[in-house]
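Computed from the coordinates by the stated procedures, all read-outs in this text should not be read as laboratory data. On a predicted model such as this, the values are computed, not experimentally measured, just so you know. FYI the Cβ positions are ideal-geometry reconstructions off the backbone, even for glycines, and counts take in every protein chain you see.
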Amino acid sequence: MINYKQEIDLYFELKGTPDSSKESYLRRIQAFIKFIQDDNKAIEDFTESDIQQYILYLKKERGLSAGTINNYISGIKFFYTYVLGKEWNSKKIPRMKRIQSFPVIPPKQDVLAIINETTNLKHKAILALIYGSGLRVSEAAKLKISDICSKTMRVRVENAKHNTNRYTILSNTALKVLREYFKAHFSSKDYTPNDWLFLGQSKSEHINVKSIKNTIIKIRNRLQLDQNISAHTLRHCFAAHTLEDKVEPVFIQQMLGHKHLQTTISYLHMTSKSLMGIKSPLDTYDGDIK
């Protein structure tokens, strides 16, 4: 696997693939290779049948979702075609059909309750930015001081998903929280514009993503809100709530960093139709029901 790993590392380096994607591919490829080796087979000799059995193992024994299994298939396909140089047969190894499920979209009152319940000033600023600017959790964690511009009211997001860069809006409310946080943590210290905005254990590290995720889980449970609410829910809420405020989907697409407009439009299914001015035909009837 050492030689294979070198080949894979070289490919991702030449392509400029983000570290997170590279680590994801490697982790899944290594899991598949372990499955093959545990069956006393050489890596070079595994067949399409072995891949099929592994997919069944992921589905039946590990109980993984279709989306997660498809990610494993992508990793195995890359290894099978690029590293081993074999022909991939998509008819024998199909991707699993995903059942579309919508994330929970709590009302604005619940989102504000979560942010207001956050006593840690750093965490409150992060959650306000995720919801107020539509950031991914990892994007908020990796912000630098220079990424916040109060003059243009923009947030710069660099090296995001798919190795992209973008600008999104800066909320006035989030800015107030940020200024309180900055005054408390940076006013008496030396810093440069390239320093992390949200420090981790040391000045050279940004805050750990797990710390943000665990924070919102604790607050969610304290407020006895829907158990499906997570830190990423705040980004979903940004999309749905801005649509309810009648912002054009193409602008929301740019702020969220979606590659395809259809991804943004899918949030229309999650909006409150009454807030968008849509009425039931029963409510437009002039008479009363008897």
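Worth a mention:
- Each Lys and Arg Cβ is given +1 and each Asp and Glu Cβ -1; about its Cα centre, the chain then shows a dipole of about 340 debye.
- Cα-centre dipole for segment 108-270 with unit charges at Cβ (Lys and Arg positive, Asp and Glu negative), debye to 20: 280
- Trypsin sites (Lys or Arg not before Pro) restricted to DSSP loop in segment 87-176 with at most 15 other C-beta within 10 Å: LYS91, LYS92, ARG95, LYS97, ARG98, LYS151
- Point-charge dipole on Cβ atoms (K/R +1, D/E -1) for segment 2-83, about Cα centre, debye to 20: 320
- Mean projected area in nm² (Cα convex hull; one quarter of hull surface) for segment 2-83: 5.4
- For the chain, built as a Gaussian network whose Cα springs stay under 10 Å, the top-fluctuating residue of GLN253, GLN262, GLN224: GLN224
- Just so you know, the Rg over Rh for segment 127-255 is 0.96, from Cα atoms, with Rh as the Kirkwood radius.
- Answer label, with percent of Cα pairs over 37 Å apart calculated from the coordinates and candidates (1) 20; (2) 16; (3) 30: (3)
- Using 0.36 nm per residue and subtracting the Cα-Cα separation, the extra length available between GLN262 and LYS161 on full extension is 34.7 nm.
- Sites ASP19 and VAL104 - FRET efficiency at Förster radius 25 Å, r taken between beta-carbons, to 0.05: 0.25
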